[in-house]
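Shown next, in structure tokens, is the structure this report addresses.
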Amino acid sequence: MKKTNKYTYVYMPLGMLLGISFGIIIYGIPSGNIALGVALGICLGMCLGVGVGAAKDAKINKQLEEFGYTVKSVSQTPDGYDLTVTDKSGADSAVPISAQTQAHEKFKPGDLVYLSGTKVEQAYRSGGGE
């Protein structure tokens, strides 16, 4: 089964942005060498961002391998939407989601999803893209 690396790509630049700020504040300003503070901050932030993103991706990939939740159908309700998801064994379950979640994720039949309590996240689109 394909593995997702969606969150590694999201958290790496976020870590770099935060790392720049911390590098300037912690090292650049006190030492008077802001360029070195920026460089150290980017490196540290990139490492932390990749680590956090990879940990989240590993959790999602583990669930995809174990259960392989796939969207079977999407139906609109007065309160939002209901996703019918099926796992590898063929068991169906209904998962209610808000209209905002559907507008953001754009679930459609065939998509692989990650379930975390009442939260549903897109792992892979049925067309192959993330």
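The values are calculated or read from the model by the stated rules, or taken from the named source; none is laboratory data. Predicted, not measured: the structure shown is a model, and the values here were computed from it. Neighbour counts are summed over all protein chains in view; Cβ atoms, including those assigned to glycine, are modelled from backbone coordinates with ideal geometry.
Table for the structure above
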item: The range 83-130, residues that are over 19 Å from LYS6 (Cα atoms) and of a type in the set (Lys, Arg); result: LYS88
item: Unmet criterion (only one of (1) loosely packed, with under 14 Cβ neighbours inside 10 Å; (2) not assigned by TED's automatic domain parsing to the domain that holds VAL95) for GLN76; result: (2)
item: Restricting the range 84-100 to residues that are hydroxyl-bearing (Ser, Thr, Tyr) and in a strand (DSSP E or B), the residue that is surrounded by the fewest Cβ atoms within 10 Å (Cβ to Cβ); result: SER93
item: Check on THR118, more than 20 Å from LYS56 (Cβ to Cβ) and hydroxyl-bearing (Ser, Thr, Tyr); result: no
item: Where a residue in the range 89-111 is without any contact (Cβ under 8 Å) to a residue 60 or more places away in the chain and assigned by TED's automatic domain parsing to the domain that holds PRO78 and its partner, wherever it lies, is of a type in the set (Asp, Glu) and in a strand (DSSP E or B), with Cβ under 6 Å and at least six apart; result: ALA94/ASP82; PRO96/ASP82
item: Candidates TYR81, TYR11 - the one that is outside the structural domain of GLU105 (by TED's automatic domain parsing), among the hydroxyl-bearing types (Ser, Thr, Tyr) and either touching a residue at least 12 places away in the same chain (Cβ under 8 Å) or in a strand (DSSP E or B) (or both); result: TYR11
item: Single unsatisfied condition, GLY129 versus (1) out of contact with any strand residue (DSSP E or B) (no Cβ under 9 Å at 6 or more places or on another chain); (2) modelled with pLDDT of 90 or more; result: (2)
